[in-house]
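I'd like to ask you about the structure that follows.
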Amino acid sequence: MLADMSVDTVTEATSPATGPLTPIHTADTAPGWWRSAVIYQVYPRSFRDLNGDGVGDLAGITEELPQLAELGVDAVWLSPFYRSPQRDAGYDVSDYCDVDPIFGTLGDFDVMMAESHRLGLRVIVDLVPNHCSDQHAAFQAALAAPAGSPERDMFIFRDGAGEGGHEPPNNWQSHFGGPAWTRVAGPDGQPDQWYLHLFDSSQPDFNWDNPAVHAEFERVLRFWLDRGVSGFRVDVAHALVKAPGLPAWGGRADGSSTDGFPGHEAPMFGQPALHDIYRRWREVLDEYGPDRILCAEANVDPLPRLANWVRPDQMHQAFNFPYLHAGLDIHRLRTVVTDSLMALDAVGAPSTWVLSNHDVVRHASRFGYNGHGPRDGDGIGPFDPQPDVSLGRHRAAAASLFMLGLPGAAYLYQGEELGLPDGTDIPEHLRQDPTFARTGGERLGRDGCRVPLPWRAAEPHLGFGAGESPWLPFPASFAELARDLQAGSPSSHLSLYREILRQRRALDLGRGSLAWAENWCTSSSLAYVNGTTLVLMNLNHDPLELPAGQVLLRSASPDDARYLASGETAWIRLESGAPTD
Ligand code: NOJ
């Protein structure tokens, strides 16, 4: 990707450095490690399998943590490793205060924490408060108890509609497809009430109108805070409280505006009572000092509404999904960056930025299409149009270099530093995402972005684990993308990421300012100045002549150092600096 890390100076350029600037955001001096952190998402099932059962584990994470420290991230976020039947890859928790045996033990967790801290890495864990597993003791107790009992009141049980209660209580649909209600048999074996599950039927939603649920989650927060975690990524944080009376709603239960149903109108999302829950959690975290954080996975539109979640007495951060969904659309990118910084500045919170996670097609695959690719959560199958993997990786490097120059915090998803694409040839019988089964295969789901990591090209299973085959198969391209091959190559995607993170830290870009550099903002290029660095992305078919200044980084090696080719980004040190702070 990046043939030459050495610094070029463009001497013959005639273009003015930036032209007029439109300042949007000034440098951030507020305390808090998290305001500018780069946080790396570890998906434990797919990170590294040390015990050889084909599934990643905590000991595997401990083993490879030095690689993450060396990459230059500040913290890791671990997707769930709690006790779980794994019907939704661990987002179906049966015991919030224990480690599932496939991942190891609490002892393994403590060892991993100690190693992280030794390496100077913080650890954030996932909290799944909207729903648990149907195997959770509380849900089993609810099933055994009669309608109207305190046990049932931990969840959202309702009588069915229509004659004999044979119809679901309302028309809500599960995020994974099919109705959001399942009927249970009563203790006498007869058809009984229905329970709500916004996700799989094995994931009953908690009743957050019940104070006992609040008490239970405070206990869970303290359990992990006491073990040293630096905070929580809060799963579907916008969904815990449902509108009184559970009114009918025709949209899909994912709150995404891409469905044509704006999330903020949905009765299962963004209810006002949520804010008091997060105020209370903030108090709990603050008891442990200022360094423990809450990050909302909240699909809330528009951005000023999202900003309500990160007011000083609530969460610290929220994922910026509008940024992820903007893709490489120049107009949308400029709008979302401007709106994010302005909305979040208004409440004193930093923005976050993200391009990939375990729920969407990896950006190296998304950007491999000209025109429309797949819907983010629906995956790419062997019979779908395939992305152009090398084009996708080329553009992914540009998108990452653009994102990591922005002020604020950034989330990386494991494997994006290798430029990994999705697995697109997973056989149906190996698919595990409940979306696939619940839609009768119509939506493939998210397995493609969850394929295990290739660590060492010459080892069995590309070094993921030495025993059983990985739980999802590697695409053929993963062998040449293995981490050890990339580590030794200065032109690799991995080397680019290391250098980006090193310079981002050295230039303190996460704490920096942002002004649009208008001369470079066209319908096919976008540029901003952060401090003394100009970040310029070219999505035009034609090369752009670079402005005067020292080229600090480029997303690809140039044929001609004076130009920025199509689908590339560069960081340029401005000769005179820019007065944007
Ligand atoms: C969001 C998580 O990221 C996703 O993986 C999960 O399926 C749902 N929430 C339900 O917990």
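If S477 satisfies all but one of (1) modelled with pLDDT under 95; (2) within 22 Å of the chain's Cα centre (by Cα), what's the number of the condition it fails?
(2)
Another question about this same structure. Mind counting the residues in region 349-366 that are within 16 Å of the ligand (Cβ to nearest atom) and aliphatic (A, V, I, L, M)?
4
Continuing with this model, one more query. Tell me, which residue of region 157-216 that is over 20 Å from A243 (Cβ atoms) and aliphatic (A, V, I, L, M) is modelled with the lowest pLDDT?
If we take residues in region 157-216 being over 20 Å from A243 (Cβ atoms) and aliphatic (A, V, I, L, M), then A185 is modelled with the lowest pLDDT.
Mind listing just one residue for me: the one in region 114-132 that is within 13 Å of the ligand (Cβ to nearest atom) and under 18 Å from V99 (Cα atoms) and, of those, surrounded by the fewest Cβ atoms within 10 Å (Cβ to Cβ)?
Only one residue fits best here, namely D126.
Which of the residues belonging to region 146-200 are within 16 Å of the ligand (Cβ to nearest atom) and in a loop (DSSP other than H, G, I, E, B)?
I156, W172, S174, H175, F176, G177, G178, A180, H197, L198, F199, D200
For the condition over 26 Å from the mean Cα position of the chain (by Cα), surrounded by fewer than 21 Cβ atoms within 10 Å (Cβ to Cβ), closer than 21 Å to S133 by Cα and not assigned by TED's automatic domain parsing to the domain that holds R438, what is the one hit in A185, A161? Even if it seems obvious, please write down each step before you answer.
Numbers: A161 fails: closer than 21 Å to S133 by Cα.
Going through A185, A161 in turn, just one is over 26 Å from the mean Cα position of the chain (by Cα), surrounded by fewer than 21 Cβ atoms within 10 Å (Cβ to Cβ), closer than 21 Å to S133 by Cα and not assigned by TED's automatic domain parsing to the domain that holds R438: A185.
List every residue pair whose Cβ atoms lie under 7 Å apart, where the two residues are 6 or more positions apart in sequence or sit on different chains, the first residue falls within region 85-98 and is in the same structural domain as G228 (by TED's automatic domain parsing) and more than 15 Å from H358 (Cα to Cα), and the second residue, located anywhere, is more than 9 Å from the ligand (Cβ to nearest atom) and aliphatic (A, V, I, L, M).
Between residues of region 85-98 that are in the same structural domain as G228 (by TED's automatic domain parsing) and more than 15 Å from H358 (Cα to Cα) and residues that are more than 9 Å from the ligand (Cβ to nearest atom) and aliphatic (A, V, I, L, M), the close pairs are Y96/V220; C97/V220; D98/L106.
I've got another one for you. Name the pairs: first residue in region 164-185 and more than 12 Å from W249 (Cβ to Cβ), second residue of a type outside the set (A, V, I, L, M, F, W, C) and in a helix (DSSP H, G or I), Cβ to Cβ under 6 Å, at least 6 apart or on different chains?
These pairs meet every condition: F176/P434; F176/T435; F176/R438; G177/R438; G178/R438.
Only one residue in A75, A69, A37, A30 is surrounded by fewer than 18 Cβ atoms within 10 Å (Cβ to Cβ) and within 25 Å of N320 (Cβ to Cβ). Which one?
On the way: A75 fails: surrounded by fewer than 18 Cβ atoms within 10 Å (Cβ to Cβ); A69 fails: within 25 Å of N320 (Cβ to Cβ); A37 fails: surrounded by fewer than 18 Cβ atoms within 10 Å (Cβ to Cβ).
Of the residues listed, the single one that is surrounded by fewer than 18 Cβ atoms within 10 Å (Cβ to Cβ) and within 25 Å of N320 (Cβ to Cβ) is A30.
Continuing with the same structure: Kindly indicate which of G348, G381 is assigned to a loop (DSSP other than H, G, I, E, B), on the phi > 0 side of the Ramachandran plot and assigned by TED's automatic domain parsing to the domain that holds E480.
G348
Whether any residue in region 508-515 is crowded, with 17+ Cβ neighbours inside 10 Å, of a type outside the set (S, T, Y) and either on the phi > 0 side of the Ramachandran plot or at pLDDT below 95 (or both) is what I want to check.
No, the conditions are met nowhere in region 508-515.
Give the residue, chosen from Q135, Q140, that is modelled with pLDDT of 95 or more, more than 27 Å from the chain's Cα centre (by Cα) and polar (S, T, N, Q).
Of the residues listed, the single one that is modelled with pLDDT of 95 or more, more than 27 Å from the chain's Cα centre (by Cα) and polar (S, T, N, Q) is Q140.
Any residue at all in region 371-388 that's within 16 Å of the ligand (Cβ to nearest atom), surrounded by 22 or more Cβ atoms within 10 Å (Cβ to Cβ) and either closer than 27 Å to W33 by Cβ or modelled with pLDDT of 95 or more (or both)?
Within region 371-388, not a single residue is within 16 Å of the ligand (Cβ to nearest atom), surrounded by 22 or more Cβ atoms within 10 Å (Cβ to Cβ) and either closer than 27 Å to W33 by Cβ or modelled with pLDDT of 95 or more (or both).
Farther than 17 Å from S36 by Cβ, over 29 Å from the mean Cα position of the chain (by Cα) and either not assigned by TED's automatic domain parsing to the domain that holds M342 or not aromatic (F, W, Y) (or both): is that true of L544 in this structure?
On the way: farther than 17 Å from S36 by Cβ: yes; over 29 Å from the mean Cα position of the chain (by Cα): yes; either not assigned by TED's automatic domain parsing to the domain that holds M342 or not aromatic (F, W, Y) (or both): yes.
Criteria met by L544.
Kindly evaluate D542 against the criterion of being charged (D, E, K, R), closer than 15 Å to L564 by Cβ and free of Cβ contacts under 8 Å to residues at least 60 places away in the same chain. Reasoning before the result, please.
Details: charged (D, E, K, R): yes; closer than 15 Å to L564 by Cβ: yes; free of Cβ contacts under 8 Å to residues at least 60 places away in the same chain: yes.
Yes: the conditions hold for D542.
Which one is surrounded by the fewest Cβ atoms within 10 Å (Cβ to Cβ) among residues in region 85-95 that are more than 11 Å from the ligand (Cβ to nearest atom) and assigned to a loop (DSSP other than H, G, I, E, B)? Let's see the steps before the verdict.
So in region 85-95, the residues more than 11 Å from the ligand (Cβ to nearest atom) come out as 85-86, 94-95.
Keeping just the survivors that are assigned to a loop (DSSP other than H, G, I, E, B) gives 85-86, 94.
Working: P85: 15, Q86: 19, S94: 21.
Among them, the one singled out is P85.
Please determine whether any residue of region 212-234 is within 27 Å of A161 (Cα to Cα) and either within 12 Å of the ligand (Cβ to nearest atom) or not assigned by TED's automatic domain parsing to the domain that holds E167 (or both). If you could, list the steps in order and put the result at the bottom.
Just the residues of region 212-234 that are within 27 Å of A161 (Cα to Cα), to begin with: 213.
Subsequent filtering for residues that are either within 12 Å of the ligand (Cβ to nearest atom) or not assigned by TED's automatic domain parsing to the domain that holds E167 (or both) retains 213.
Scanning region 212-234 turns up at least one residue that is within 27 Å of A161 (Cα to Cα) and either within 12 Å of the ligand (Cβ to nearest atom) or not assigned by TED's automatic domain parsing to the domain that holds E167 (or both).
The values are calculated or read from the model by the stated rules, or taken from the named source; none is laboratory data. In this text the structure is predicted, and so the values were computed from the model without any measurement. Glycine also receives a Cβ, built like all others from the backbone with ideal geometry; neighbour counts cover every protein chain displayed.
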